[in-house]
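Engineer: Dumping the structure here so I can ask a few things about it.
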Amino acid sequence: MNRDIYFESIGPLHWPLVAWHLLLGNNIFVFDFTYRLKKMKWLADWIDQGKVERIYIHPNAKADTLAIDAVAWFFERYPQKKWSDSLDGIFGKGESEWVLKKALLEELFRYFYVRIHLEGKKGRLISDSFFFWDSKLSIWCKNRLDPSRSFKTPLWARVLFGFLRITKTIIWNEAMGFITLFHLLLASLAEVEEKPNGDVRQFEHISAIDQPLQVKFESRRKFDFLLDGETLTKNNTLFLVNQSAEGPWIDKAKGQGYAIIRHSEIPAFKNWRGYFRLPPFHLPLSALWKIVAQIILNPTTPTCFAKAAMQGLFIYLTKAPLLARLRFSNYIYTNKDAVPQQWLNALIRKQGGKSWNYIMAIGGGYLYGDKTEFGGRHRFWAYQNPDHYVMPSQAMLNYYKSHPQREASHHNVGSIWSELIVEAQASEAPEVLRKKWFGEKIVGKKVVAWFDTSFIEAINSPSTYQEAIAWYQDILQLTREDDRILSIIKPSKEEAFFIDKKGQWSHPLGEVLMKIWDQLKQNPNIFFAGHTGDPADVIAASDLTITFCFSSPSAEALGAKKRAIWYESGKRWQNSPYAEIPLLVAHGYPQMKDRLEQLLFKMSAEDYEKYLEEKIKGRVEDFLDGKGLSRFRKLLKVQNQNMG
């Protein structure tokens, strides 16, 4: 009889075990906590062949909420006070607690996610988490989780992998400790700078460019979208570019007068002497030695604490030299929620600046979860520590504030991207683009803009390749059935995402999807904008925006008072919060056609204005004036004046 075998994590040492179970005909599943499983070629081949199934870590209200609730209880029961005191000596009083809790949260989440996913299933688990062997856990879980009786971990696996886990923890912690010790010894031998070399550069704002997504577009939504020539200008704003976002665009931008610093230009990244040079904060070496001692002298402490401490030291040794050469009020970033960013926020505070986390998209667990819990809390938003959050709606602001976080200011400004749509609509761009896309065919026709999302073919994925295929087939069918409509398609990903075998989320079904894309590209009534098409221009030039559930473009369109809906080809998200709003979400092809008919051909401008006021305002967006970006800029200006 075939068995279901689940791996909490997987690595090169697991290859013989996986091969053995495949030989026995067992079904292999692996939890994808790293999103890097296909980095191992042997595993990638088996995933593509369907022999190993990945379990995508989708926002799960129960696992996230349990982990968030458990953090404070567990934190008090681990010997971490010395860690906190030592790290506070570098980053400031009270700073380390939030970051160490963030690290602990991720470790707890893994355990709860596995436990909850396996409830009611039969099979065997090859576990790896520290908490599967922690006696404290059974005390906390006693009245919160049902005993897991149907699922078994083989005794040999518990003994073997328990031993390997403990051994790995000791080796990992000791290695981190001695590596850090080596760094500090070299640092003490290198030149200790009492004063920064060169002039201190003065800026009001630093805009962090940390991801390729931020430099993907070349029109209104390009990397400098925050600048308005008045509040934020080329002279008072520095762009700090992470190595992952570097490219030819930097030299071009510098030639246009933008102030840009690459991470690779920071002394710590240029050569060994720069890396091991102590930052000019007059910090006694004893503060760093204490942390090294904690790592080395506590080898069995949960790895998450030692790893977080190591990350903190790395951030300090690499970023403090740069911050010492800059004076600024606001550090602006997005989509960075892990431990390293939390250490950087603390360091910015110590320098005298304020960190601003603006929310790029409307996503997050709350859109997909049980509407009675508003989706449940999500670990990403818990134990964060920026000084300011900038939100696209009051509903999202309330959702974020339901998480334990360091004291901060939360600002609801509306969708910042809606303002770019309003600007585009006020220009000649829409008419120019419509004629460019469709020529004379545009006369008397309505234009529908289609935005998809990130598709992942895996268990628990909120948007699968099969759903993508059905969604794009529906666009083809609609185009063939209704000659009143012209379509522009703006995918979020390029072709390689779906078919490059080295890509983390590629899948054999990607080839099927690409064949449909080819049909779409050849259709004279469809313009395929590609993944680099600017969303603001596309939405402004369209009569209706349709987005796959629940990516952000439809919310951005609604914030600019443009007609928009979300659409899924099935009925998976019928119980999501937005599905309660009339006309807003379509489930299945017939309902999508009905929504399209209503919004494009039956509802007047006056009736739609009334619909926005009564149904959308206060639910999706609270202003509907397309001025979210201006409100964000005003907040930055006020902060700069207060600190000036």
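Engineer: Would you kindly find the accessible area of GLU613, with a 1.4 Å probe and non-protein molecules such as ligands, DNA and RNA excluded, rounding to the nearest 10 Å²?
Structural biologist: 80 Å²
Engineer: At 0.36 nm per residue, and after removing the present C-alpha to C-alpha distance, how many nm does the segment from ALA19 to GLU614 gain when stretched out fully?
Structural biologist: Using 0.36 nm per residue and subtracting the Cα-Cα distance, I get 208.3 nm.
Engineer: Lys and Arg at +1, Asp and Glu at -1: add these up for the other residues within a Cβ distance under 13 Å of TYR383 and post the number.
Structural biologist: -3
Engineer: Note down the net charge around PRO12, summing +1 for each Lys or Arg and -1 for each Asp or Glu among other residues with Cβ under 11 Å from its Cβ.
Structural biologist: Working: positive: LYS39, LYS41; negative: none.
Result for the local shell: +2.
Engineer: Still on this structure, I have one more. Projected area of the stretch 482-614, taken from the Cα convex hull and averaged over every viewing direction, in nm²?
Structural biologist: Result: 9.1 nm².
Engineer: So how much slack lies between LYS121 and ASN236, counting 0.36 nm per residue of separation and subtracting their Cα-Cα distance, in nm?
Structural biologist: On the way: separation 115, 0.36 × 115 = 41.40 nm, distance 5.80 nm.
That pair, LYS121 and ASN236, stretches by 35.6 nm at full extension.
Engineer: Here is a further query. Estimate the FRET efficiency between ASN27 and GLN574 by the formula 1/(1 + (r/R0)^6), using the beta-carbon distance for r and 22 Å for R0, to the nearest 0.05. Write out the running numbers ahead of the final one.
Structural biologist: Values: r = 30 Å, r/R0 = 1.36.
E between ASN27 and GLN574, to the nearest 0.05, is 0.15.
Engineer: Now, a different point. Along the Cα→Cβ direction, 7 angstrom out, place labels at LYS41 and ASP607. What is the inter-label distance in nm?
Structural biologist: Output for this residue pair reads 6.1 nm.
Engineer: Same structure again: Quick check: residue separation of LYS441 and GLN202 times 0.36 nm, minus the Cα distance between them. What number comes out in nm?
Structural biologist: Extra length available between LYS441 and GLN202 comes to 80.7 nm.
Engineer: Below 13 angstrom from the Cβ of THR479, what's the summed charge of the other residues (Lys, Arg +1; Asp, Glu -1)?
Structural biologist: In short, +3.
Engineer: Leaving ligands and nucleic acids out of the surface, order TRP517, TRP505 by accessible area at 1.4 Å, largest first.
Structural biologist: In descending accessible area the options line up as TRP505, TRP517.
The values are calculated or read from the model by the stated rules, or taken from the named source; none is laboratory data. Worth saying up front: this structure is predicted, and the values here are computed from it rather than measured. Backbone-built Cβ (ideal geometry, glycine too); neighbour counts: all protein chains shown. Side chains are part of the model used for accessible areas, which takes the heavy atoms of the whole protein and leaves out ligands, DNA and RNA. Shrake-Rupley method; radii C 1.70, N 1.55, O 1.52, S 1.80 Å.
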